[in-house]
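Novice: Okay, handing you the structure first.
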Amino acid sequence: MAFLKNIQGNSLTDAELVLLYKQTEDLHVLGELYQRYMDLVYGVCLKYFKEPERSKDAVMQIFEELIAKLKRYEVESFNGWLHQLSKNYCLMQLRTPKNLKTVEIPETLMQSEEDVHLNGVLEKEENFLKLEYCLTTLSEDQRKAVRLFYFEGKCYNEIVELMGQDWKQVRSFIQNGRRNLKICMEKSSLESGVQSQE
């Protein structure tokens, strides 16, 4: 997958190359650093897209994103940060409408289009209301971190900057918030199931 010439940066650590790039904005320096992890980025993309050509294109697109983003963020562990950036890029691409696949279901398989559609809408609405309620049960920091990560698609480093917290604290907010949401949603489902049986 190599597409850039090696420079004298082979002897420099990731952190030194990050600093050098921030100081010089030299794309050869960034290319040297990125080349070390292109296989990792390609692997992440292939996991999400399941298409080699699309994954190769994504590797190039992520490099272009990296040009601007690396200048803006404090990066302690480049490979971990790059992995998260790659994952977020893939997820955002998969969320765009052109990537949503539709499947036509023959009418013969459906009982009543109106009933099925209405049930689906009501179930989604009920789940949405449960989620909204459960979000209010989280601490303010957990709620903010969860909204930024899951609803707005921000990466950990962006959330660190927005919340003014350290990386480990943000990770803790997201993990604990997700766990608490899951417990609350499961509890709400159990309660609504008991009520419907009464």
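Novice: Given 22/182; 87/168; 47/187; 56/144, which pairs have Cα atoms separated by over 30 Å?
Specialist: 22/182; 47/187; 56/144
Novice: With +1 on each Lys and Arg Cβ and -1 on each Asp and Glu Cβ, how big is the dipole of the range 124-197 about its Cα centre, in debye rounded to the nearest 20?
Specialist: 220 debye
Novice: So what J values fall out for the range 156-167 if you push phi through Karplus, 6.51 cos²θ - 1.76 cosθ + 1.60 with θ = phi - 60°, rounded to Hz, Gly and Pro as x?
Specialist: For the range 156-167, the Karplus-derived couplings read 3, 5, 5, 5, 3, 5, 5, 8, x, 10, 7, 4 Hz, x marking Gly and Pro.
Novice: Using Cα-Cα distances under 8 Å and only pairs 6 or more residues apart, what relative contact order does the range 8-99 have, in percent?
Specialist: Computed over the range 8-99, the figure is 31 percent.
Novice: Once the Cβ-Cβ distance between residue 189 and residue 163 is put in as r, and R0 is 35 Å, what FRET efficiency do you end up with, to the nearest 0.05?
Specialist: So, using R0 = 35 Å, E works out to roughly 0.70.
Novice: Quick one: if the Förster radius is 30 Å, what FRET efficiency do residue 74 and residue 96 give, using the C-beta to C-beta distance and rounding to 0.05?
Specialist: Calculated transfer efficiency: 0.55.
Novice: Which value in nm describes the separation of the simple spin-label points at residue 28 and residue 11, placed 7 Å from the Cα toward the beta carbon?
Specialist: Inter-label distance under the simple model: 1.6 nm.
Novice: Oh, and also: Pop out the ³J(HN,Hα) list for the range 130-145 in order, Karplus 6.51 cos²θ - 1.76 cosθ + 1.60 with θ = phi - 60°, rounded to Hz; leave Gly and Pro as x.
Specialist: 4, 4, 4, 4, 4, 4, 6, 7, 6, 5, 4, 5, 4, 4, 5, 5
Novice: Which distance in nm do the two modelled labels at residue 124 and residue 84 give, with both placed 7 Å along the Cα-to-Cβ direction?
Specialist: About 3.1 nm, to one decimal.
Only the coordinates and a few stated rules stand behind these numbers; no lab work does. The structure presented is a predicted model; accordingly, all values stated were derived computationally and were not measured. Every residue, glycine among them, receives a Cβ derived from its backbone with ideal geometry; neighbour counts consider all protein chains shown.
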